[in-house]
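Take a look at the structure set out below.
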C-alpha cells in the first residue's frame, strides 16, 4: 500500500505540474523598442490574457542578426522593429511568418503593412510612425526657408545644417525615399549640397541636433518628431528653453508630404506560439494601445479612427499633416544605392 500511495502521489504531482505548465502561457518578444513607457503595454496585455512576456532587447540590426544565427531554433515569437527598411529587409530574407488577421487588416492602412501574399497574409504590420521634420532657429530663418527637404541643400544655408550620421537607419530611410521621389542623380546632388551646408560633422542623436539649433551651433536640423515632443513635454527648465528658441516645419506639405518612418511588428518565422503572437499584434493595434503609443512615447498612431490627447504632437502639427505614401519595398531597395552616394559625397 505504501508503494501504491507513493506512486499515486507522484502521478498526481506530475499532473499538477503539467497543468501549471499548460496554464503558464509565455510569449517570447525580441524588441528594438527601448522605451520605459512600453512596460505598461506589456503588463496590460498580460493582465488581459494571462500571457507572460519574456523580452530580449537589442537594436534592429542586432535582432535580425540574432534571428539569422538562431535559425529554426529561435525561441522568438514576436519581433518589434523601429525602421521600415529593416522590416522590409527581414521580410525579404524570410525571417517573418506571414499571418492573416481581419482585425489587423481592418485597423492598419494598406501602405503601412506588408503587401499581402497570394493567400492574403502579411509579413509585418506598422504600429506607429515618426515624422522626420526640420527644426530651425526662429531668429535666423523663416519657415519658408526650410519647408521642403530639397531646401536643406540650398547654398544660402551654408554652415547652418546639423544632422546625425547619414548611415543611421532614420536617415537612410529618408534618403531612400528621396531617391524614389527625385531619382538617383538629383538625390546625390542633394546629399552633396547638404554636406556643403553642414555646420559640423554629423554626430549625436536627434535630440543633440535640436539642442545644437537652440544653442546657435547651427541654424537648422533634422529630427524625428518624438524627440522634439519629449522636449516639449519636459518639466525641465533647460528643455523648455530649447523649445522656445526653435521652430518646426513638416516638409513638403505642398508636394509629396513629410517622410514618416514605421515602427512595426511581425510574427517570427519559427514562432512556437503563433496564436498568442497574432493576439499580441492585434492588441498593439487596439485603440488603447495606439493611444499609448501617442501619449506614452510621442509617436503617431496608425490605426484608423484612433484619436489621441498628446498636446505636443497636436501643437507641432496643428492636429494633422500630409505624410508621404511610398512602398516600403522601394525605400528599402534604395538603401544600398544611398550608402554608395553617401560615400561618394563624403556624408559621414
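The values are calculated or read from the model by the stated rules, or taken from the named source; none is laboratory data. No experiment lies behind these values; they were computed from the predicted model shown. Every residue, glycine among them, receives a Cβ derived from its backbone with ideal geometry; neighbour counts consider all protein chains shown.
Would you point out which residue out of 76, 72, 90 is in contact (Cβ under 8 Å) with a residue 60 or more places away in the chain and loosely packed, with under 13 Cβ neighbours inside 10 Å?
Numbers: 76 fails: loosely packed, with under 13 Cβ neighbours inside 10 Å; 90 fails: loosely packed, with under 13 Cβ neighbours inside 10 Å.
It is 72.
Checking the conditions here, which among 296, 346, 332 is buried (at least 19 other Cβ atoms within 10 Å of the Cβ) and in contact (Cβ under 8 Å) with a residue 40 or more places away in the chain? If you could, list the steps in order and put the result at the bottom.
On the way: 296 fails: buried (at least 19 other Cβ atoms within 10 Å of the Cβ); 346 fails: buried (at least 19 other Cβ atoms within 10 Å of the Cβ).
Result of the check over 296, 346, 332: 332.
Identify, by number, the condition in (1) surrounded by fewer than 16 Cβ atoms within 10 Å (Cβ to Cβ); (2) over 24 Å from the mean Cα position of the chain (by Cα); (3) without any contact (Cβ under 8 Å) to a residue 60 or more places away in the chain that residue 242 doesn't meet.
Here residue 242 clears every test but (1).
Need the failing condition index for residue 153 against (1) in contact (Cβ under 8 Å) with a residue 60 or more places away in the chain; (2) not assigned by TED's automatic domain parsing to the domain that holds residue 294, just the number.
Every condition holds for residue 153 apart from (1).
Could you say whether any residue in the range 90-107 is under 15 Å from the mean Cα position of the chain (by Cα) and closer than 30 Å to residue 162 by Cβ? Break it down into steps so the answer makes sense when it comes.
Within the range 90-107, the first condition is being under 15 Å from the mean Cα position of the chain (by Cα), and the residues that meet it are 90.
Then drop every residue that is not closer than 30 Å to residue 162 by Cβ, which leaves none.
Looking for residues that are under 15 Å from the mean Cα position of the chain (by Cα) and closer than 30 Å to residue 162 by Cβ, one finds none in the range 90-107, hence no.
Only residues that are free of Cβ contacts under 8 Å to residues at least 40 places away in the same chain and not in a loop (DSSP other than H, G, I, E, B): list them for the range 118-144, please.
Step one: filter the range 118-144 for residues free of Cβ contacts under 8 Å to residues at least 40 places away in the same chain, giving 118-122, 142, 144.
Selection gives 122, 144.
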